[in-house]
Amino acid sequence: MSKTYDISSIISNVSELERQKLQRLADYSNLKSLPEIWSLVAKRCGDTVALRDPHAKPEVVITYTQLFQKIQQFAAGLQALGVKAGERVSLISDNSPRWFIADQGIMAAGAVDAVRSSQAEREELVFILGNSGSTALVVEDLKTFNKLRERLQDLPIQLIILLSDEVPPTDETLKIVNFTQLLEIGTQHSLTPVKQTYDSLATLIYTSGTTGKPKGVMLSHGNLMHQVVVFGTVLQPQPGEVILSILPSWHSYERTCEYFLLSQGCTQIYTNLRSVKGDLKAFKPNYMICVPRLLESIYEGAQKQFREQPEKKQRLINNFLSVSEKYIKARRIAQGLSLVNLNPSMVERLAASIQASALFPLHALGERLVYAKVREATGGEIKQMISGGGALPKHIDDFFEMINVEILQGYGLTETSPVTHVRRPGHNLRGSSGLPIPGTEIKIVDPETRKPLPIGERGLVMLRGPQIMQGYYQNPEATAKAIDTNGWFDSGDLGWVTPQNDLVLTGRAKDTIVLTNGENIEPQPIEDACLRSPYIDQIMLVGQDQRNLGALIVPNLEALQKWAEAKNLHLRLSDEAAKQISTEDSAGKTEVSLESKMVQDLFRQELIRFVQNRPGYRPDDRIGPFKLILEPFSIENGLMTQTLKIRRHVVMERYRDTINPMFA
């Protein structure tokens with residue numbers, strides 16, 4: 001289990017440079033709960049705009065003084081309607097200023113919020129309501145309420161709050177109020193302060209599970225406060241600087257980054273996928289929290305513009321990009337920040353410095369003629385973009401460095417609140433996930449024996465620190481599997497650390513696949529659905545850090561042979577594979593192989609049929625590229641465990657040259 005940490009002691013142990021960066025956060029280090037922050041920010045930045053939603057009708061603009069008042073009113077309204085300290089309140093809603101007010105209002109009332117998107121499947125939301133034991137439910141609007149309405153009678157829900165101003169239904173046995181009504185109730189009652197500590201539970205964030213049952217990650221006020229305080233060693237934003245928010249506010253990554261940036265008096269602008277390109281140019285953000293897919297879309301937009309130029313100009317742009325790629329790689333070696341040359345000699349550094357100097361004039365010309373215009377797509381005022389939720393593809397990392405937009409790639413999981421590592425402006429080792437944030441410990445162990453491995457050797461990433469969750473709610477067995485008796489959390493990721501302690505991730509040891517849009521996909525339920533096909537004997541999903549899922553499929557050769565015979569086809573296989581099935585005379589038959597269009601179309605139809613028809617199907621579950629392989633996964637070839645589970649990381653390693661081209 002995770003142990004208690006004193007944030008003040010963590011600050012006292014950081015380097016002098018980091019301590020100087022943390023001075024502006026000194027007031028927060030002695031606070032015991034997250035909502036205590038907002039009164040301090042209101043005193044310092046009262047008239048500064050905190051939250052702005054330009055897409056709401058009418059537009060919403062809230063200053064820090066107003067934000068603090070609304071949080072207090074929301075909390076007082078909850079208490080007046082019977083919500084008690086320690087009770088769970090489900091918050092089912094998506095991004096809006098009112099989400100933030102509700103989130104912090106629930107915590108200020110001393111309650112614990114269980115959060116999820118209003119777009120989630122009804123059965124998943126019903127499970128969260130039941131598992132959390134929520135006595136109150138905050139929903140985005142009447143549509144969300146109606147989705148859950150008929151399932152609430154068997155749950156201990158006593159109070160419903162709409163975050164909209166829609167008129168609450170009057171034919172309900174439950175107490176229902178809308179947002180404005182709740183704030184009015186709050187103005188008529190004083191908020192009773194609730195004493196909370198670092199160990200007080202703040203929120204439950206439900207993650208996917210291989211059995212379809214989400215697990216409630218218990219994050220304490222200490223977990224969240226640690227993130228808010230020590231992020232100051234990475235970024236030093238100024239009051240009034242602009243953040244553009246697009247990721248789900250309920251997700252731990254966006255959420256804790258918002259807490260930090262708002263604690264610094266920044267102005268948060270809400271955007272969405274449809275509006276983000278225009279909002280980048282209109283609001284010129286200084287910071288943005290993003291996933292690799294957003295950076296890929298900006299890159300693809302730039303590439304599209306390049307392709308639309310006349311041929312001569314295209315050649316010029318490509319020449320600039322080629323020179324700049326060489327320039328940044330030489331500069332990395334000169335600065336000691338090259339992952340391919342981690343410990344360059346003085347001679348190598350000097351040679352790289354000379355090469356970078358020679359290339360700089362052409363790189364600077366590319367900056368003036370090309371890159372400055374590309375940066376306009378981001379608004380031109382970006383200081384840093386913080387990327388997480390998946391690995392950043394190398395070519396994307398390189399491109400943004402070439403055009404002088406600094407990407408700080410980070411790492412963490414919901415269970416780690418989430419950030420454990422992030423690259424720093426002064427130590428931006430591209431290709432890595434950066435250094436640990438203060439208070440974080442890391443060790444790399446052998447996945448089988450759990451013995452620590454030396455620096456530079458690849459193994460399982462284990463983490464310990466103030467941000468590690470308290471456990472999974474009402475699930476001690478899963479908690480014991482995730483956190484050992486010494487407080488080390490099993491991340492399920494594979495990686496290694498550099499001599500400077502940067503973390504370099506290489507894959508996953510556990511099942512969850514994270515796509516570049518930040519979506520977590522549990523492969524087992526999808527694989528189970530696919531195995532219902534008579535033509536699929538074994539299947540393993542792939543797609544970590546890709547846009548969509550892919551699959552390695554071991555076909556059922558007997559079923560495939562019968563299909564071929566029914567179509568008057570001859571299935572051409574290797575001699576070894578052909579021995580597994582009885583084949584008829586091929587005379588007069590059309591010959592097909594596993595790679596032929598007819599066979600590929602058959603498997604594509606099967607994947608569509610069984611994946612899309614399964615309960616709880618989401619678009620991200622769709623399987624894109626796939627490869628048919630003839631060697632079954634077995635204990636004998638090392639691809640399965642003794643309990644007949646696929647050893648995913650071993651399969652990934654063995655079939656690397658098959659998998660990589662699938663996503664090229």
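Look at region 438-483 and say how many of its residues are closer than 19 Å to GLY507 by Cβ, surrounded by 21 or more Cβ atoms within 10 Å (Cβ to Cβ) and not aliphatic (A, V, I, L, M).
Of the residues in region 438-483, 1 are closer than 19 Å to GLY507 by Cβ, surrounded by 21 or more Cβ atoms within 10 Å (Cβ to Cβ) and not aliphatic (A, V, I, L, M).
Check VAL217, VAL242 and return the single one that is among the β-branched types (Val, Ile, Thr) and not assigned by TED's automatic domain parsing to the domain that holds VAL138.
Within the list VAL217, VAL242, the selection yields VAL217.
Can you pull out the helices (runs of 4 or more DSSP H) entirely within region 321-427 that have at least 2 residues that are surrounded by fewer than 20 Cβ atoms within 10 Å (Cβ to Cβ) and among the hydroxyl-bearing types (Ser, Thr, Tyr)?
346-366
Give me the pairs, please: first residue somewhere in region 383-396 and assigned by TED's automatic domain parsing to the domain that holds LYS326 and among the polar types (S, T, N, Q), second residue anywhere and crowded, with 17+ Cβ neighbours inside 10 Å and assigned to a loop (DSSP other than H, G, I, E, B), beta-carbon distance under 8 Å, and either six or more positions apart or on two chains.
GLN384/LEU235; SER387/VAL291
Under 6 Å between Cβ atoms, at least 6 apart or on separate chains: pull out the pairs that start in region 544-567 with a residue that is part of a helix (DSSP H, G or I) and end on any residue that is at pLDDT below 90 and of a type in the set (A, V, I, L, M, F, W, C).
Pairs found: LEU557/ILE581; GLU558/ILE581; GLN561/ILE581.
Under 7 Å between Cβ atoms, which residue pairs at least 6 apart in sequence (or on different chains) link something in region 599-611 that is touching a residue at least 40 places away in the same chain (Cβ under 8 Å) and assigned by TED's automatic domain parsing to the domain that holds LEU549 with a partner that is surrounded by 20 or more Cβ atoms within 10 Å (Cβ to Cβ) and assigned to a helix (DSSP H, G or I)?
Once the first residue is touching a residue at least 40 places away in the same chain (Cβ under 8 Å) and assigned by TED's automatic domain parsing to the domain that holds LEU549 and sits in region 599-611, its partners that are surrounded by 20 or more Cβ atoms within 10 Å (Cβ to Cβ) and assigned to a helix (DSSP H, G or I) give LEU607/CYS530; PHE610/ALA529; PHE610/CYS530; VAL611/ILE526; VAL611/ALA529; VAL611/CYS530; VAL611/ASP621.
What pairs come out if I take residues in region 133-162 that are farther than 22 Å from MET107 by Cα and at pLDDT 95 or above and pair them with residues that are assigned to a helix (DSSP H, G or I) and hydroxyl-bearing (Ser, Thr, Tyr) whose C-beta lies under 6 Å away, six or more apart or interchain?
Partner pairs satisfying both residue conditions: none exist.
Are there any pairs, at least 6 apart or on different chains, whose C-beta atoms fall under 7 Å, with the first in region 313-338 and farther than 12 Å from PHE399 by Cα and the second polar (S, T, N, Q), and if so, which?
ILE317/GLN309; ALA330/GLN355; ARG332/SER338; ILE333/ASN341; ALA334/SER353; LEU337/ASN428
In region 231-283, what residues are within 19 Å of ASP94 (Cα to Cα), among the aromatic types (Phe, Trp, Tyr) and part of a helix (DSSP H, G or I)?
Residues satisfying the conditions are TYR253, TYR259.
Is it the case that PRO248 is in contact with a helix residue (DSSP H, G or I) (Cβ under 7 Å, 6 or more places away or on another chain) and either crowded, with 24+ Cβ neighbours inside 10 Å or within 19 Å of ARG98 (Cβ to Cβ) (or both)? Write out each step before concluding.
Values: in contact with a helix residue (DSSP H, G or I) (Cβ under 7 Å, 6 or more places away or on another chain): yes; either crowded, with 24+ Cβ neighbours inside 10 Å or within 19 Å of ARG98 (Cβ to Cβ) (or both): yes.
Spelling it out, PRO248 is indeed in contact with a helix residue (DSSP H, G or I) (Cβ under 7 Å, 6 or more places away or on another chain) and either crowded, with 24+ Cβ neighbours inside 10 Å or within 19 Å of ARG98 (Cβ to Cβ) (or both).
Quick check: is even one residue across region 38-47 touching a strand residue (DSSP E or B) at 6+ places or on another chain (Cβ under 8 Å) and within 17 Å of HIS221 (Cα to Cα)?
Looking for residues that are touching a strand residue (DSSP E or B) at 6+ places or on another chain (Cβ under 8 Å) and within 17 Å of HIS221 (Cα to Cα), one finds none in region 38-47, hence no.
Output yes when any residue across region 191-201 is under 30 Å from LEU515 (Cα atoms) and within 31 Å of the chain's Cα centre (by Cα), and no when none is. Steps first, please.
Initial filter on region 191-201 (under 30 Å from LEU515 (Cα atoms)): 201.
If we keep only those that are within 31 Å of the chain's Cα centre (by Cα) as well, we get 201.
Yes; the residues of region 191-201 include at least one that is under 30 Å from LEU515 (Cα atoms) and within 31 Å of the chain's Cα centre (by Cα).
The values are calculated or read from the model by the stated rules, or taken from the named source; none is laboratory data. Just so it is clear, the structure is predicted and the values come from calculations on it, not from any experiment. Glycine gets a Cβ as well: all are built from the backbone with ideal geometry, and neighbour counts include every protein chain shown.
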